[in-house]
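Working notes, beginning with the structure itself.
Bear in mind these aren't lab numbers, they're just calculated from the coordinates by the rules spelled out. Keep in mind the model is a prediction, meaning the values are calculated, not measured. Don't worry about glycine lacking a Cβ; one is built from the backbone with ideal geometry, like all the others, and counts go over all protein chains shown.
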Amino acid sequence: MDQDYLNKLSEKLLLSVKIQEYAATIRLELESLDPNVLHTMLSNDHKKMAFWINIYNAYYQIIRKEEAISKSAVYSKKLFSIAGELLSLDDVEHGILRRYRYKYSLGYFANLLASKFVKNYAVEKLDYRIHFALNCGAESCPPIAIYNVKNVNEQLTRATKGFLEVESEFNDQKKIVYTTALFKWFYADFGGKNGIKKIYKKQLNKDISQYKIKYKKYSWKDDLNNFVPDI
């Protein structure tokens, strides 16, 4: 079996969502996976991130379009299955991709109640760039791209840079940057205030070391199907 088979399967699922094809066969295949195969094939963080970002973005769209469920509950309800494990979007985002961080702790505390499945398949190291790849169907969310394991590192960098270019407003005279509320919600994931400033220097080559950071209001207005071309 192709060692990138699972990653390609997640790409096919998200592509099916993008072109609005019903992906019953792909979803059944994901549900029926042998957990040992999942563990063996998702052998490093690049493979894990590419796979689980696609899974999250695909199933958010699927759930919102197919399930009669409120927006407030869409994240916490366990509504899809991977390798026989019933999962929620929170399990994927905060459990697997954020290495089981407690959702409401700004990233400072681990979730001690994380399941064995989440702990087994979580990334080894949290990569802050995943926050600029996950889409929760809102107007202020990063757009959706299909991630592949070969280019995931470069894709995440481009997604981060592109999102910050759009979402950042600089008042150079008053030394203020207005930026996405994602930085506030997941403060520790980004390394706090100093970490955020380093990210701007690295990603946009913008020195904001002397700037005050202010966070924009997040728009939760629905914006489904916000796909971008390959990045």
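How many of the residues making up the stretch 21-49 are touching a residue at least 60 places away in the same chain (Cβ under 8 Å) and touching a Leu at 6+ places or on another chain (Cβ under 6 Å)? Number satisfying all stated conditions: 1. Any residue that is surrounded by fewer than 20 Cβ atoms within 10 Å (Cβ to Cβ) and acidic (D, E) - is there at least one of those in the stretch 176-190? The answer is no, given that none of the residues of the stretch 176-190 is surrounded by fewer than 20 Cβ atoms within 10 Å (Cβ to Cβ) and acidic (D, E).
Applying the condition of being in a loop (DSSP other than H, G, I, E, B) and among the aliphatic types (A, V, I, L, M) to the stretch 1-42 and asking which residue is nearest to the chain's Cα centre (by Cα) yields L42.
Contact annotation: residue pairs with Cβ atoms under 7 Å, 6 or more positions apart or on different chains, pairing a residue in the stretch 125-139 that is aromatic (F, W, Y) with a partner that is part of a loop (DSSP other than H, G, I, E, B), are F132/P142.
Would you check if there is a residue in the stretch 145-163 being more than 25 Å from L15 (Cα to Cα), part of a loop (DSSP other than H, G, I, E, B) and among the β-branched types (V, I, T)? No, the stretch 145-163 has no match at all.
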